[in-house]
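Everything below concerns the one structure shown next.
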Amino acid sequence: MNCEEITYHVDPDIVEENKRVFILGIGNPLLDKQLETVDTKLHEKYNLKTDSASLVFPWNEQQLLPLFADLDELKDSIKSIPGGSAQNTLRVFQWVLGAIGGPTRKAAAYFGAVGDDNNAEHLKCLATKAGLVVRYQLIPNQKTGVCAVLVYGTDRCLVAHLGAAEKFTSKHLDIPENKLLIEKAENYYAEGYFLTVCPEAILQIAKHAAEKNKPFTMSLSAAYICKDFLPQLNSVLPYVDVLFGNEEEANAYAEANNFKENDLKEIVKKIASYEKINTLRSRFVVITRGEKSIFVAIGSGESQTFPVDTIERNLIKDTNGAGDAFSGGFLAALASGRPLEKCVKAGNFAARTIIQNVGCTFPDNCDYKEE
């Protein structure tokens, strides 16, 4: 492996003065290992819900790590797909951006940590092929992170083993070429999962965004992030201009913060009205609810509801990556200056496409139409 290339190489186009970086994202790059299951035996064996997200920690690794050994034994049935929440979102961002008049390549840059193994090279090649500017931090003597994806019907169960991804350090942001990307970026995106790894890096980027009056966006990612990493989440929230989440995550956040409100709309409005560092921008809180309508709260009062087009059940392959895809489509429209309703429409299109494919994958050509 060419470690020098992964750690320090910068595409020469990026240093051109007129080269736009529409968005910079940060998160945990993972290689998804997806298995379509016909029953819930593996879920039951590891005490997993069919539609859930979990992370391997020191205190649960004895319970969860054997799952990856089980998947290795089923390797002929496993599909390897580029993953990691923010990386998925940026791949979709680039895909949709090209369909609405933006560049088809190199409009999105991505930070994350990988190991010195073949999985890192594989991920880099796939992300670069998708049009991303990839700036991985190489962690020697570590394995690139993987995520077990158990698909049962339309449900997906995620178990992530971060590996090298959890070794990311904010020093990566100080490399001159990476500082240039941060300065040039017009929008920023962080996955909530990354709060378990390096909240300092998220805050550094978020503060820069606030100082320059550029949109900083983030996802809640999972209910356990809202519960187990609440201090880290609340430290970043004042900088967030657009917050993405689903119904379960919003309710988990409300419970963790002892909200008196039980109604989801009121919970979303309360989060939107939280303290904000950059008062020049209102906070948008965008909560998806599967096939039900989407709630969006804006600042201290306004809220809107947007319908979701129904899709026949037999067309749904799996829901893995649907939330990431929604964020990617939404942000592509946002970065292009589109109004809220167009952003939601683009997000819905992206999510609808992803659930009709295996994992967070999509056709080479994006046929999204804004009309």
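Can you confirm whether segment 199-215 contains a residue that is more than 20 Å from L24 (Cβ to Cβ) and either out of contact with any helix residue (DSSP H, G or I) (no Cβ under 9 Å at 6 or more places or on another chain) or not in a loop (DSSP other than H, G, I, E, B) (or both)? No, segment 199-215 has no match at all.
Filtered by the rule that a residue be in contact with a helix residue (DSSP H, G or I) (Cβ under 7 Å, 6 or more places away or on another chain) and at positive phi, segment 73-110 gives a lone residue, K106. Residues that are closer than 25 Å to H161 by Cβ and under 20 Å from the mean Cα position of the chain (by Cα) were ranked within segment 130-139; the one that is modelled with the lowest pLDDT is A130. Among the candidates H161, H172, the residue that is surrounded by fewer than 24 Cβ atoms within 10 Å (Cβ to Cβ) and under 18 Å from I23 (Cβ atoms) is uniquely H172.
Inside segment 294-326, can you point out the residues that are more than 21 Å from the chain's Cα centre (by Cα) and at pLDDT 95 or above? The answer is I298, Q304, T305, F306, P307.
Selection of helices (runs of 4 or more DSSP H) fully inside segment 13-129 by the criterion of at least 2 residues being under 15 Å from G163 (Cβ atoms), in contact (Cβ under 8 Å) with a residue 60 or more places away in the chain and in contact with a strand residue (DSSP E or B) (Cβ under 9 Å, 6 or more places away or on another chain) returns 61-73, 118-129. Evaluate segment 215-232: report whether one residue or more is out of contact with any Asp or Glu (no Cβ under 8 Å at 6 or more places or on another chain), more than 25 Å from F57 (Cβ to Cβ) and touching a residue at least 24 places away in the same chain (Cβ under 8 Å). Scanning segment 215-232, I find no residue that is out of contact with any Asp or Glu (no Cβ under 8 Å at 6 or more places or on another chain), more than 25 Å from F57 (Cβ to Cβ) and touching a residue at least 24 places away in the same chain (Cβ under 8 Å), so the answer is no.
The condition of being surrounded by 15 or more Cβ atoms within 10 Å (Cβ to Cβ), aliphatic (A, V, I, L, M), within 23 Å of F111 (Cα to Cα) and in contact (Cβ under 8 Å) with a residue 40 or more places away in the chain holds for only one of V296, V240, that being V240. Hey, could you check segment 145-191 for residues that are modelled with pLDDT of 95 or more and in a loop (DSSP other than H, G, I, E, B) and say which is farthest from the chain's Cα centre (by Cα)? Filtering segment 145-191 for residues that are modelled with pLDDT of 95 or more and in a loop (DSSP other than H, G, I, E, B), the one farthest from the chain's Cα centre (by Cα) comes out as I175. Select from segment 243-270 the residues that are surrounded by 19 or more Cβ atoms within 10 Å (Cβ to Cβ) and of a type in the set (A, V, I, L, M, F, W, C) and list them in ascending order. Matches in segment 243-270: L243, F244, A250, A252, A254, I267, V268.
The values are calculated or read from the model by the stated rules, or taken from the named source; none is laboratory data. Computed from a predicted structure; not experimentally measured. For neighbour counting, all protein chains shown are included, and Cβ atoms are generated from backbone atoms with ideal geometry for every residue, glycine included.
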